[in-house]
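The values are calculated or read from the model by the stated rules, or taken from the named source; none is laboratory data. The structure presented is a predicted model; accordingly, all values stated were derived computationally and were not measured. Note that each Cβ is placed from the backbone with ideal geometry, even for glycine, and that neighbours are counted across all protein chains shown.
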Amino acid sequence: MRRLSLFVAGLLLAAPAGAKVVRLRVVHTNDVHGWILPRPDRRHGGRMVGGAAALGAFVKKVRAQGPTLLLDAGDWWQGTPEGSIPEGRAVAELFDAIGYDATTPGNHDYDAGEASLADLSGRMKTPVIASNIASKATGAPVPYVKPFMVKKVGGVKVGIFGLLTTQMRRLSFEKNIAGIEFQPEVEAARKAVAALKAQGAEVVIMLSHVGQERADGPAGLGDQTVAREVPGIDMVVGGHAHIPLAPALKVGGALIVNTGCYLDRAGLAVLDYDTKAAKVVSSDDSLHMLWIDEVGQDPAVKAITDRWEAQVGRALDVVVATAAVALTKDRSSDSPMGNWMTDCLRKWAKTDIAFQNSGGIRTEFAPGPVRLRDVFSLMPFDNRVTTVYVKGADLKALFEHSVGKAPGVMQVSGAAVTFDPSQPEGSRVAGIEVRGRALEPEALYSVTAADFIVQGGDGFGAFANAQDRADHDTLIRDVLGWCAKGAGEIKAPVGGRLKKL
């Protein structure tokens, strides 16, 4: 607590001498994904970290220092039982209790469908801002979000707008976003900045669930491109990429910030606005771990989290198995967790091969008891089991996409893949074996995967050629629960299924 006070006090002394400067503080979060409860950090001896009550305590201390905004960049609830089982109502209640000034939807905020998001936004006192989500039929903004807003903070008019990635059709079920268009980010940003300036905005902040450009990630526009191509943005509160920025980036006059994910830390940006020069003359950002023993917990917020924890915990705090070793995840290769999940799916469906997209693996198992809560946190999405028959040539295309363009390689059971990511597109897969035999291009193989992937999610378009698709009414996490209970003790499966040359 003392370190935070000293940090903020130090900021108060940093204003340029002789200038009429207003200091604006912006506490920011992104990709909370339902992590409203504190949890032990295994990297620091089980020290408790994170959660909404710790954030509430942190925000209260910062607000005591002067003009403050509290902003969030989307993906509010999907990821934990407390977030997912009430379809975001717990997180919405907490956002209101802590006093967020604005948030923007993320791609996972559509996971329960547009009607659910519209209902949730209608319940929230927190303004939900998005400038590029529109009706396909009319081109008008959807009614459950505001395109932008202006709020006076410390006497300064702050304009806020939001963006959601245009990659939504790769990231969401079509049924959840039917009738919606996600307008190009740069064009929407230009229009929003112009509209905010016309309303007298002196400082402009973008809430972005667009993501960051990465050399090792899928191609696509990100926060840096928007900041570079759209003049007039002073700050970008970034989300979607789950990559904390420390230090923050400065691009095109904008400060780009990101806390990473899962509410284990909060960001604190400081913008110095010179009223004479009519511009932000300096900006900086820092990330702060929400250690419970350091920042404390806000009692009123904790009462809300305790209520939701008790309500959800009655059904999920049941031990179903024991992990003999740590089951970790890895997006760049096969992993103990990915291997266990795909083995479970293949065993349940009795197919040649089972797939699991790496982005859908949301947590790890530590050695020891495994509860239904852990299984839910591992697979919080309502993805259902789908089985199909796929030709060998299409399987090769799926793996080519997996090792070249997908957000993480596809985890697999029943196959072994050798690949070289340095080779040109279309030539990265050097060999594939299915159950110990070389892949035959014209042969049909039975495959189990999540319905999200089979429909082409994460860009796996080769599933469009699949035959005899069967959509089962069984959730993948229910298969994992069945598998864990049946095993009793979960051991690390045999690895080496994805071999990088």
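Please work out which residue is surrounded by the fewest Cβ atoms within 10 Å (Cβ to Cβ), limiting yourself to region 253-274 and to residues that are over 25 Å from the mean Cα position of the chain (by Cα) and not acidic (Asp, Glu).
Initial filter on region 253-274 (over 25 Å from the mean Cα position of the chain (by Cα)): 253, 271-274.
Narrowing further to those that are not acidic (Asp, Glu): 253, 271, 273.
Values: Gly253: 16, Leu271: 26, Tyr273: 26.
This residue is Gly253.
Any residue at all in region 478-493 that is buried (at least 19 other Cβ atoms within 10 Å of the Cβ) and over 30 Å from Leu316 (Cβ atoms)?
Checked against the condition, which is being buried (at least 19 other Cβ atoms within 10 Å of the Cβ) and over 30 Å from Leu316 (Cβ atoms), region 478-493 yields no hits at all.
Can you tell me which residue among Thr474, Thr448 is surrounded by fewer than 16 Cβ atoms within 10 Å (Cβ to Cβ) and under 28 Å from the mean Cα position of the chain (by Cα)? Steps first, please.
Numbers: Thr448 fails: surrounded by fewer than 16 Cβ atoms within 10 Å (Cβ to Cβ).
Only one candidate qualifies: Thr474.
With region 252-309 as the region, which strands (runs of 3 or more DSSP E) entirely inside it contain at least 1 residues that are of a type in the set (S, T, N, Q), out of contact with any Cys (no Cβ under 8 Å at 6 or more places or on another chain) and within 30 Å of Val226 (Cβ to Cβ)? Spell out the reasoning first.
Numbers: elements: 254-257, 265-274, 279-289.
Per the criteria, 279-289.
State all residues of region 242-251 that are over 30 Å from Glu82 (Cα atoms) and either part of a strand (DSSP E or B) or of a type in the set (A, V, I, L, M) (or both); if no residue qualifies, say none.
Step one: of region 242-251, the residues over 30 Å from Glu82 (Cα atoms) are 247-251.
Within region 242-251, Ala248, Leu249, Lys250, Val251 qualify.
Can you list the helices (runs of 4 or more DSSP H) lying wholly within region 1-119 that have 2 or more residues being at pLDDT 95 or above and basic (Lys, Arg)? Step through it out loud before you land on a result.
On the way: elements: 2-12, 52-63, 81-84, 89-98.
Ranges flagged: 52-63.
Please list, ordered by first then second residue, the pairs with beta carbon atoms under 6 Å, 6 or more apart or interchain, first in region 223-243 and farther than 12 Å from Ile160 by Cα, second hydroxyl-bearing (Ser, Thr, Tyr).
These pairs meet every condition: Asp223/Ser208; Gly238/Ser208.
For region 128-151, name all the residues that are over 20 Å from the mean Cα position of the chain (by Cα) and either of a type in the set (Ser, Thr, Tyr) or more than 23 Å from Pro184 (Cβ to Cβ) (or both).
Initial filter on region 128-151 (over 20 Å from the mean Cα position of the chain (by Cα)): 134-144, 146-151.
Scanning region 128-151 gives Ser135, Thr138, Tyr144, Val150, Lys151.
Name the one entry in Lys250, Lys197 that is surrounded by fewer than 19 Cβ atoms within 10 Å (Cβ to Cβ) and touching a Ser or Thr at 6+ places or on another chain (Cβ under 8 Å).
Values: Lys197 fails: touching a Ser or Thr at 6+ places or on another chain (Cβ under 8 Å).
Answer to the check: Lys250.
So how many residues does region 361-387 have that are under 19 Å from Trp77 (Cβ atoms) and among the hydroxyl-bearing types (Ser, Thr, Tyr)? If you could, list the steps in order and put the result at the bottom.
Taking region 361-387 and keeping what is under 19 Å from Trp77 (Cβ atoms), we get 361-363, 372-383.
This time we only want the ones that are among the hydroxyl-bearing types (Ser, Thr, Tyr), so: 363, 377.
Selection size over region 361-387: 2.
Check Arg373 against each of (1) in contact with a strand residue (DSSP E or B) (Cβ under 9 Å, 6 or more places away or on another chain); (2) crowded, with 17+ Cβ neighbours inside 10 Å and name the one condition it does not meet.
Going through (1) in contact with a strand residue (DSSP E or B) (Cβ under 9 Å, 6 or more places away or on another chain); (2) crowded, with 17+ Cβ neighbours inside 10 Å one by one, Arg373 breaks only (1).
Give Ala321, Ala393 a once-over and let me know the one that is in a strand (DSSP E or B) and small (Gly, Ala, Ser). Walk me through how you get there before you give the answer.
On the way: Ala393 fails: in a strand (DSSP E or B).
Unique residue meeting the criteria: Ala321.
Kindly indicate which of Ala300, Ala277, Ala315, Ala324 is under 27 Å from Ala450 (Cβ atoms), surrounded by fewer than 18 Cβ atoms within 10 Å (Cβ to Cβ) and over 26 Å from the mean Cα position of the chain (by Cα). It would help to see each step written out before you state the result.
Numbers: Ala300 fails: under 27 Å from Ala450 (Cβ atoms); Ala277 fails: under 27 Å from Ala450 (Cβ atoms); Ala315 fails: over 26 Å from the mean Cα position of the chain (by Cα).
Sole residue among the options that is under 27 Å from Ala450 (Cβ atoms), surrounded by fewer than 18 Cβ atoms within 10 Å (Cβ to Cβ) and over 26 Å from the mean Cα position of the chain (by Cα): Ala324.
Do any helices (runs of 4 or more DSSP H) lying entirely in region 122-204 carry at least 3 residues that are in the same structural domain as Val280 (by TED's automatic domain parsing) and free of Cβ contacts under 8 Å to residues at least 60 places away in the same chain, and which ones are they?
Details: elements: 168-171, 174-177, 185-198.
Those helices (runs of 4 or more DSSP H) span 185-198.
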